[in-house]
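The values are calculated or read from the model by the stated rules, or taken from the named source; none is laboratory data. Remember, predicted model here, so these are calculated numbers, not experimental data. Cβ: placed from backbone, ideal geometry, glycine included. Neighbour counts: every protein chain shown. Please note that ligands, DNA and RNA were not included when accessible areas were found on the heavy atoms of the full protein model with its side chains. Shrake-Rupley method; radii C 1.70, N 1.55, O 1.52, S 1.80 Å.
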Amino acid sequence: MHALRKNRPLRRVVLASAATVSGLVMLLALKPHTPPRIAAAPAPAASAGASAPGGAAGSGGTTGSTGTKTVTGESAQTRWGPVQVRITLEGGRITDVTAVVYPTENSRDQEINSYAIPELRREALAAQSADIDSVSGATYTSDGYRRSLQSALDSATG
């Protein structure tokens with residue numbers, strides 16, 4: 001006869017209690033993703049194209065006779081944190097796109113953005129617009145990148 005089928009209810013109670021405690025310990029050991037901080041967003045590094053106070057888009061002036069212009073887009077708030085890009089335009093063409101601010105709070109954010117940011121940069125340079133595809137697995141970052149990029153392009157042309 002099986003050990004649990006004998007007339008020993010105490011053994012069943014002990015095993016059920018041990019299983020419940022083990023399950024609770026494993027459940028409490030899970031570490032959830034840290035929620036984004038809404039009140040304090042990191043400020044971008046100061047430069048000629050840094051954004052104006054209050055998150056409004058700022059634009060650098062034309063430098064030299066080449067028509068080079070650097071513009072920083074507005075910070076786009078995403079579920080995991082703000083995303084902000086800076087573009088360099090020469091003769092009306094996007095020659096560089098730099099992500100100034102993006103989520104890096106934990107190792108998962110760093111892992112996702114280590115491949116997403118360069119891919120979004122390549123897409124923007126190829127498209128010469130904010131009409132770019134999202135990077136699989138980085139939907140929120142892609143959306144924020146697009147919104148900040150469009151903001152920078154609007155500031156550069158307006």
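Take residue 121 and tell me if it is basic (Lys, Arg), at pLDDT below 85, open to solvent by 70 Å² or more (accessible area, probe 1.4 Å) and not in a strand (DSSP E or B).
no
For a quick check of your reading: which strands (runs of 3 or more DSSP E) sit entirely within segment 1-109 and have at least 3 residues that are among the aliphatic types (A, V, I, L, M) and either at pLDDT 50 or above or surrounded by 12 or more Cβ atoms within 10 Å (Cβ to Cβ) (or both)?
On the way: elements: 68-72, 76-78, 81-90, 93-101.
Per the criteria, 81-90, 93-101.
Return the only residue of 156, 130 being in contact with a Leu (Cβ under 6 Å, 6 or more places away or on another chain), among the aliphatic types (A, V, I, L, M) and in a loop (DSSP other than H, G, I, E, B).
130
Which residue is nearest to residue 83 (Cα to Cα), if the candidates are limited to segment 131-141 and must be surrounded by 13 or more Cβ atoms within 10 Å (Cβ to Cβ) and touching a helix residue (DSSP H, G or I) at 6+ places or on another chain (Cβ under 8 Å)?
Narrowing segment 131-141 to residues surrounded by 13 or more Cβ atoms within 10 Å (Cβ to Cβ): 132, 134-135, 138-141.
Right, trim to touching a helix residue (DSSP H, G or I) at 6+ places or on another chain (Cβ under 8 Å) and you get 132, 134-135, 138, 141.
On the way: 132: 15, 134: 14, 135: 14, 138: 12, 141: 7 Å.
It comes out as 141.
Which condition breaks for residue 150 when tested against (1) in contact (Cβ under 8 Å) with a residue 60 or more places away in the chain; (2) touching a strand residue (DSSP E or B) at 6+ places or on another chain (Cβ under 8 Å)?
Of everything listed in (1) in contact (Cβ under 8 Å) with a residue 60 or more places away in the chain; (2) touching a strand residue (DSSP E or B) at 6+ places or on another chain (Cβ under 8 Å), residue 150 misses just condition (2).
Is segment 114-130 home to any residue that is touching a helix residue (DSSP H, G or I) at 6+ places or on another chain (Cβ under 7 Å) and within 13 Å of residue 80 (Cα to Cα)?
no
Please work out which residue is modelled with the lowest pLDDT, limiting yourself to segment 142-158 and to residues that are of a type outside the set (Gly, Ala, Ser) and open to solvent by 10 Å² or more (accessible area, probe 1.4 Å). Lay out the reasoning, then the answer.
Within segment 142-158, the first condition is being of a type outside the set (Gly, Ala, Ser), and the residues that meet it are 143, 145-147, 149-150, 153-154, 157.
Still in the running and open to solvent by 10 Å² or more (accessible area, probe 1.4 Å): 143, 146-147, 150, 153-154, 157.
Numbers: 143: 90, 146: 91, 147: 91, 150: 90, 153: 88, 154: 87, 157: 80.
Step by step, filter segment 142-158, then rank; the result is 157.
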